[in-house]
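Q: Here it is: the structure, laid out below.
Each value in this text was obtained by applying a stated rule to the coordinates, not by laboratory testing. Please read these numbers as outputs of a predicted model, since none were measured by experiment. For neighbour counting, all protein chains shown are included, and Cβ atoms are generated from backbone atoms with ideal geometry for every residue, glycine included.
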Amino acid sequence: MASKGNCKAKDCGREAIAKHYCRKHYRLWKAGEMPKSRYKTCTFEKCRKRRFRLSLCEEHYKAKTGKGAAAPAAAPAGEAATAQAPAA
């Protein structure tokens, strides 16, 4: 098998097997635990959740903007019926 060089992780001299990482660091990369993770993650400090919008996860997006992820809520059926009822 051809040698792929050494692991690109800091202070690691093991042989690289995939994505220029050794077995240990490749496993950590797949789990999203390396500084440059496999998936695009939230940019909030120490948050490794998947991005939602504005480079933040759903939780941090909601905290920053005050907007939720759900679609806008419609008026409850009771309020719509009273609003259309003619005044007597």
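Q: Listed highest first by mean packing, meaning other Cβ atoms within 10 Å per residue, what order do 22-30, 57-65 come in? Each step should come with its number before you reach the end.
A: Numbers: 22-30: 16.8, 57-65: 15.2.
Descending mean neighbour count gives 22-30, 57-65.
Q: Continuing with the same structure: Sum up the charges of everything whose Cβ sits under 11 Å from the Cβ of LYS49, counting Lys and Arg as +1 and Asp and Glu as -1, but leave LYS49 out.
A: Around LYS49, the charge tally is +3.
Q: Which length gain, in nm to one decimal place, applies between ALA31 and ASP11 when the Cα-Cα distance is subtracted from 0.36 nm times their residue separation?
A: Fully extending the segment from ALA31 to ASP11 adds 5.2 nm.
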